[in-house]
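Read through the structure below, which is laid out as structure tokens, and then see the notes.
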Amino acid sequence: ALAKEIQHAKEWVFENTQPMPGVLVRAHCHYYAEARGTTALGEWIAINVPGLQGLGSRYGARKCTGVVHFGMVLLTIEEGRVRECRPLIARPQSLTTVS
């Protein structure tokens, strides 16, 4: 999903309709992912932001086949550049497999 968003951003640049974003955030994904790169257009970072819905919500109560992250992402920006991207992912006991 992130690769597609990055590709779309590059296509908009080549159509001369918008500049390449330095930070691309994709939300409502329910999992954390990060990609970084440098092109002739400059440095960029793309992030899937984990969901904030709790386990008590309708989505949180489902049994999902993929990994589901609950949390947020802390970005430290200095001089207009992302210096740190730190995911803060909760690990609730109810998500732990019991054998």
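Ranked by the mean number of other Cβ atoms within 10 Å of their residues, highest first, the peptides 81-89, 14-22, 27-35 fall in the order 27-35, 81-89, 14-22. If the chain linking L74 and R36 were pulled fully straight, counting 0.36 nm for each residue of separation and taking away their Cα-Cα distance, it would gain 12.1 nm. Given R0 = 25 Å, the distance between the Cβ atoms of R81 and H28 translates into a calculated FRET efficiency of 0.45.
Based only on other Cβ atoms within 10 Å, what is the fewest-to-most ordering of K10, K4?
Values: K10 14, K4 9.
Lowest to highest Cβ neighbour count: K4, K10.
Quick note: the coordinates plus some simple rules give every number you see, no bench work behind them. For clarity, every value in this text was computed on a predicted model and none was experimentally measured. When we count neighbours, we look across all protein chains shown, and the Cβ atoms used for this are built from the backbone with ideal geometry, even at glycine.
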